[in-house]
Amino acid sequence: MFTLKTVLRAGGAALTFLTLLSPVVQAADAPAIPAYVKADAKALEAKIIAWRRDIHQHPELGNREVRTAKLVADHLKKLGLEVQTGVAHTGVVAVLRGGKPGPVVALRADMDALPVTEQVDVPFASKVRTNYNGQDVGVMHACGHDGHVAILMGVAELLAKRRADLPGTVKFIFQPAEEGAPEGEEGGAELMVKQGVLDTEPKPQAIFGLHLGSSYHAGTIAYRPGPAMAAADTFKIVVQGRQAHGGRPWTGVDPLVTSAQILVGLQTIVSRNMEVIKEPAVVTVGALNGGVRSNIIPDKAEMVGTIRTFDQGMRQEVHERIRRVAENIAESAGAKATVTIETGYPVTDNDRSLTTWAAPVLAQVAGPGKLVEGNKTTGAEDFSFFQQKIPGFFFWVGATPPDVPLDKAPSNHSPLFKVDESSLVQGAEAMASLTVAWLSSH
């Protein structure tokens, strides 16, 4: 669940990185990728694009991906995979056993769309509407998950064709509700983990995932070792005052003024209390509501916001300071603040050893100058729940058309988000290459 709008490192830094990377890519111990992977992926390109367009035209929200799940399951069954459906509501899990003994690796794709009304002028644009939290909304694959599903369907077909030579087992995880489950429901990667997707046989020893992103042009692959995407939490602060006439404020306790002071105080948490040279952090108030009339001081006000962090210790400290700031400022004004913090997705933390191994593989897929180390992004991803159980590696495949300036490209989650479909075959080649190389070298 994110809007990938980070800026690439300055040209000099990127060039330095690529120069340092080249000897690694060319080293004798760089993981080998069979020549058939690129050719087989290219041969599947038309199919992958067709699947993506079909899914794009028929988007479904989290925990409601019924049609998408059936499309996936039917395809995997035709390939002869062991298929399980109904995992974490609508998830599909499939196992491909190679013809040779070896380890187990998992590959993940998320399936859900967003409550966004599409504005992209393409023949396969979504016209779907549904009810979301009591509102009539459009539904759109505005974050590229249609491409993720199509890519992994293609990878499954590619690897199934080569299963006789595959030294190990692949577990395919088609996950619902990455963007969040409907209110009152569990879902997503967290529920899949809870239901044992990584603990049931065959148990994977590593997991790979990707995301199509608007911050990179098609043809570019980006990754980052360690903390790559933020933990995302939400908070709500209810300030209880005492209602009074607007012309006689001294007879009450103004929750709006108190809330304004709390809002300003919250901004000092990052700027004055967090060690920002260690990891960045964000505390944002997104809404402040209270009162109904110009001459009435209300009895309460409410604010809601988001917290983004990259370190668990800092995450806990931010939570503690939000409570302290809100409660103490409210008390000083004679009001009372009630703070509720809901923990969301953990940090997407790429295993450093696995990342070091994977970078030369991706460099071979991307080609000279096309693999970059991206900046951290304050977007969040529930792939992080898988990474809490086993080593995981998550990377980005550029999806912005080459003729569109990156600073002008509609971001993920925008109604104008548009995928350059050449990124799909690159994504399939990258995932298949990582899989075959990992099984062969582990």
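Data for the structure
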{"read-out": "FRET efficiency, Val66 to Glu331 (Cβ-Cβ, R0 51 Å, nearest 0.05)", "value": "0.50"}
{"read-out": "Acute angle (nearest 10 degrees) that the helix 45-57 long axis makes with the longest principal axis of the chain, alpha-carbon atoms", "value": "30"}
{"read-out": "Across Lys70/Lys203; Lys127/Lys171; Lys47/Lys418; Lys47/Lys370; Lys203/Lys278, pairs whose alpha-carbon gap is larger than 28 Å", "value": "Lys127/Lys171; Lys203/Lys278"}
{"read-out": "Helical mean residue ellipticity (222 nm; -39500 (n - 2.57) per DSSP H run of 4+; nearest 500) of the chain", "value": "-11000 deg cm²/dmol"}
{"read-out": "Net charge contributed by nearby residues that have their C-beta within less than 10 Å of His75 (K/R +1, D/E -1)", "value": "+2"}
{"read-out": "Angle in degrees between helix 422-441 and the longest Cα principal axis of the chain, rounded to the nearest 10", "value": "70"}
{"read-out": "Net +/- balance of residues flanking Val304 in space, Cβ distance below 11 Å, scoring K and R +1, D and E -1", "value": "-1"}
{"read-out": "FRET efficiency, Lys77 to Thr338 (Cβ-Cβ, R0 60 Å, nearest 0.05)", "value": "0.70"}
{"read-out": "R0 of 51 Å, Cβ-Cβ distance Asp54-Gln205: FRET efficiency to nearest 0.05", "value": "0.95"}
{"read-out": "Mean shadow area of the chain over all directions, Cα convex hull, nm²", "value": "22.6"}
{"read-out": "Potential extension, Thr234-Gln135 segment - 0.36 nm per residue separation minus Cα distance", "value": "33.5 nm"}
{"read-out": "Average silhouette area of the range 231-342, convex hull of alpha-carbon atoms, in square nanometres", "value": "6.6"}
{"read-out": "Computed lengthening from Arg272 to Thr85, 0.36 nm per intervening residue step minus Cα-Cα distance", "value": "62.4 nm"}
{"read-out": "Residue order, fewest to most surrounding Cβ atoms within 10 angstrom, among Trp396, Trp250, Trp357", "value": "Trp250, Trp357, Trp396"}
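Every read-out reported here was derived from the displayed coordinates using simple, explicitly stated rules and does not represent laboratory data. Note that the coordinates shown come from a computational prediction; the quantities given were computed from them, not determined experimentally. No Cβ is skipped: glycine too gets one built from the backbone with ideal geometry, and neighbour counts run over all protein chains shown.
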